[in-house]
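> To start, I am sharing the structure in question, which I have written as structure tokens.
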Amino acid sequence: MEVHTVMLDRPAFLITIDTEGDNLWANPREITTENARFLPRFQTLCERYDLKPTWLTNWEMVESPVYREFAHDVLDRGAGEIGMHLHAWNNPPLISLTDDDFACNPFLTQYPEPVMREKIRVLTDRLESAFGVAMRSHRAGRWGFNEAYARMLIETGYRIDCSVTPHVCWKQGYMPGEVDYRGFPEHAYRMDPDAIACESAESPLLELPVTILRRDRGLIERAAAGALSLHRFGRRITGRFLPEVRWLRPNGRNGRELIETMQLALADGRGYVEFMLHSSEFMPGGSPRFQTEAQIESLFEDIERLFAAASECCVGMTLCEYEQRVVSKVQSKQLRTAA
């Protein structure tokens, strides 16, 4: 009993996978889902360390028979969770927002609100029909989120969002607009649907920001980054080699840093850390970063080292399980206060 209690008191290790078609960075017009065949290897790795991924699933993946079979097995064994991930440009109803939505990849938040609401409803209904479970967890496609989106999620029955990326501003490349998360909390909070950077104790929507930490650049690094930022090509170099932030997300170059990022976040007293990746990144050629089988093997080596370290200090949970932990702690506190 004592060992079990200690495990429950550990911080949670959350795994979120944006589960989507193959190499969407290339803006394909015919979206394939071959990466569904590569997911069991990652699921097995998670289970080896008693970790539970949340597969945040978009339209083309729920339409994949291979993925549906995989996801049913995960759900039947209680080994993970299925949530929702919406890419607005290919999610029904298809309503053109630009001359070429497949090239522009607009945020859902750039569509009229009635269209936003219908896209959310259609994908939610499809996921619930396919898997026989209520959708409760969500991440916005391309990280695009706003107050209207939050209110629609609450209306549709969602209880967890993980779209916030602290310290990061996402700019739309081909349309005016941006989603700016600089100044947002790094920790879990009840998101105010009328001011999504703010907390509201009455809100039913729990926000679980991705684990992203500001990097402490040295004087020379800051000077170099400042000089490079004056030119577009220089900004690209800065983003790759002198990034301002560190994610709990493998990129092929940060294998040694992942464990340190987790440890720094936990040392800050957080109740969880949140790992993220895309399903297509488990397949050779499924993403720009991991093109070859050798790169995939290196990726899995980095992930396994992180998971082994996480299993020593954290407990694996899905997003819904973590939300239940938060609710239980609040209820226990209320009972103690009442007594």
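The values are calculated or read from the model by the stated rules, or taken from the named source; none is laboratory data. Computed from a prediction, not measured in an experiment: that's the story for all the values here. Cβ sites come from the backbone with ideal geometry, for glycine too, and all protein chains shown count toward neighbours. Side chains included, ligands, DNA and RNA excluded: accessible areas come from the protein's heavy atoms. Shrake-Rupley method; radii C 1.70, N 1.55, O 1.52, S 1.80 Å.
> Given ARG217, ARG190, which one is surrounded by fewer than 18 Cβ atoms within 10 Å (Cβ to Cβ) and either assigned to a loop (DSSP other than H, G, I, E, B) or modelled with pLDDT under 95 (or both)?
The unique qualifying residue is ARG217.
> Report the residue count in the stretch 279-310 for those that are assigned to a helix (DSSP H, G or I) and either modelled with pLDDT under 95 or under 13 Å from ASN35 (Cα atoms) (or both).
Adding up the residues that qualify gives 5.
> For the condition in contact with a Lys or Arg (Cβ under 6 Å, 6 or more places away or on another chain) and within 25 Å of ILE15 (Cβ to Cβ), what is the one hit in ARG126, ARG136?
Unique residue meeting the criteria: ARG136.
> With the structure loaded, tell me whether GLU2 is modelled with pLDDT under 95 and not polar (S, T, N, Q) or whether it fails that test.
Criteria met by GLU2.
> Is it the case that some residue within the stretch 51-58 is out of contact with any strand residue (DSSP E or B) (no Cβ under 9 Å at 6 or more places or on another chain), closer than 23 Å to MET135 by Cα and in contact (Cβ under 8 Å) with a residue 24 or more places away in the chain?
no
> Does VAL273 satisfy the criteria of being β-branched (Val, Ile, Thr), out of contact with any His (no Cβ under 6 Å at 6 or more places or on another chain) and surrounded by 20 or more Cβ atoms within 10 Å (Cβ to Cβ)?
So VAL273 fits the description; yes.
> Sticking with this one: Can you list residue pairs whose Cβ atoms sit under 8 Å apart, with the first residue in the stretch 234-255 being on the phi < 0 side of the Ramachandran plot and the second being modelled with pLDDT under 50 and surrounded by fewer than 17 Cβ atoms within 10 Å (Cβ to Cβ)? Count only pairs 6 or more apart in sequence or on different chains.
If the second residue must be modelled with pLDDT under 50 and surrounded by fewer than 17 Cβ atoms within 10 Å (Cβ to Cβ), the pairs left are GLY234/ALA227; ARG235/SER229; THR238/SER229; LEU242/ARG217; LEU242/GLU221; GLU244/ARG217.
> Right, something else. Looking at the stretch 14-31, which of its residues are over 18 Å from LEU94 (Cβ atoms), open to solvent by 10 Å² or more (accessible area, probe 1.4 Å) and out of contact with any Gly (no Cβ under 6 Å at 6 or more places or on another chain)?
TRP25, ALA26
> Which residues, counting only those in the stretch 146-171, are assigned to a loop (DSSP other than H, G, I, E, B) and open to solvent by 10 Å² or more (accessible area, probe 1.4 Å)?
ASN146, GLY157, ARG159, HIS167, VAL168
> Give me the pairs, please: first residue somewhere in the stretch 286-312 and closer than 10 Å to ASN251 by Cα, second residue anywhere and open to solvent by less than 60 Å² (accessible area, probe 1.4 Å) and charged (D, E, K, R), beta-carbon distance under 9 Å, and either six or more positions apart or on two chains.
Filtered contacts from the stretch 286-312: ARG289/GLU281; PHE290/GLU281; LEU299/GLU281.
> Which condition number in (1) over 21 Å from LYS52 (Cα atoms); (2) open to solvent by 30 Å² or more (accessible area, probe 1.4 Å); (3) of a type outside the set (Asp, Glu); (4) assigned to a loop (DSSP other than H, G, I, E, B) is the one that ARG249 fails?
(1)
> In addition: Go through the stretch 90-105 residue by residue and tally those that are within 19 Å of the chain's Cα centre (by Cα) and under 16 Å from THR124 (Cα atoms).
1
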